[in-house]
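Beneath this line is the structure, given in structure tokens, with notes to follow.
Coordinate-derived values only; no laboratory data. Computed from a prediction, not measured in an experiment: that's the story for all the values here. Every residue, glycine as well, gets a Cβ built from its backbone with ideal geometry; the counts of neighbours run over all protein chains shown.
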Amino acid sequence: MTRCLVLGLLLLALLSSGGCQYLNRVMPRRSAAPGPVAPIVLDSRGTEVKVPGRIVFARQGNLWLLEDGTLTQLTRGGKDMQPAFSPDGSVIVYVKKEQDYSDLLLYVVGTGDFKTLTNNRFTKSTWVFRPTWSPDGKQLAYVSDQFSWDMGLFLMNATGTGARRISQGEGAGGVDSPTFSPDGKTIALAAFRSGIQQVWLITLATGRWTQVTNHPEGAYDPRWSPVEEKLAYVARENRKHDIWVTDLEGKHPKKLTDQGTARAPAWSPDGRFLAWIAERDGSFDIWVASVERVDGEITLGTPAPLTRGLQVDATSGLSWLYPSPPDR
């Protein structure tokens, strides 16, 4: 009994003198979760190409990292989703979804510390989703129903200050999945302005909207290419969902995948690869293909799975980072 009492007092002292701060850390750990496969794909000539860098994603409400075929679990608790690397890779912004609100948080890479950027637990019934970084890492774009009945586009400083709504007239259904242009002056996003969800551009300096896609069943999940004025996105056709690519005027849309369950395209930082999430055999997994360009037209090499049976959260998307310049 005495020993148990001493141990209990030591634990109480730990919690009261900084132990709570320790508990706020979520240290990475290697995982035996099913699914990682060798990060090698084939280009259109049949040549093996190694997939470089790290991909962060969500699975079962936690953040995970995939690197060189190895999985690392970053968070626990079952409430985390929609992660995105900062441009320098030092932090990951993500959404923590509670029962009646959600907040944006930063996960510090390497330490497991985190910082809360929004405090919607005090207001309740306020939702924030889809955070994405400006190219200079100074701002975050996201969607929220704050001050409205539907999702609008917001910007705030990366420190969590200065949040403001920057869009109006999004249409019933609001907006989703913002993505910055490489120069940071324009955001592509999905919106219901034409009645059906399509991909639009909004110029930040003027607030001007420009429609890009015009698929009869709609389009969503745009991602701006890091090396050219093109967008990858998802289009619905005959109740199937596949990855497409188009120029910014929407004049030359091209279908890239034929899986019927694909979504959440993510470019590698140098534009040499495209990853996405697709369902096969009852599991959503991460797929990747090399990107090839001939006379300005984009084609993909042979798609290959990077995971199998992992049950990746398809609505959370992917974020791809090169920790250092890859070997070419």
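Here are the numbers:
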read-out	value
Computed lengthening from residue 293 to residue 196, 0.36 nm per intervening residue step minus Cα-Cα distance	31.8 nm
Cα-based helix-to-principal-axis angle, 2-14 vs the chain, degrees rounded to 10	50
Inverse mean reciprocal Cα-Cα distance (Kirkwood Rh) of the stretch 234-328, Å	14.1
Pairwise Cα inverse-distance average, inverted: Kirkwood Rh of the chain (Å)	20.7
Positive-end extreme of charge dipole, the chain - chosen from 314, 71, 264 (charges on Cβ)	71
Size of charge dipole - the stretch 111-178 - debye, nearest 20, with Cβ of Lys, Arg +1 and Asp, Glu -1, no other charges	240
The stretch 274-289 residues near the modelled residue 322 label - backbone nitrogen below 17 Å, point 7 Å along Cα→Cβ	274-275, 289
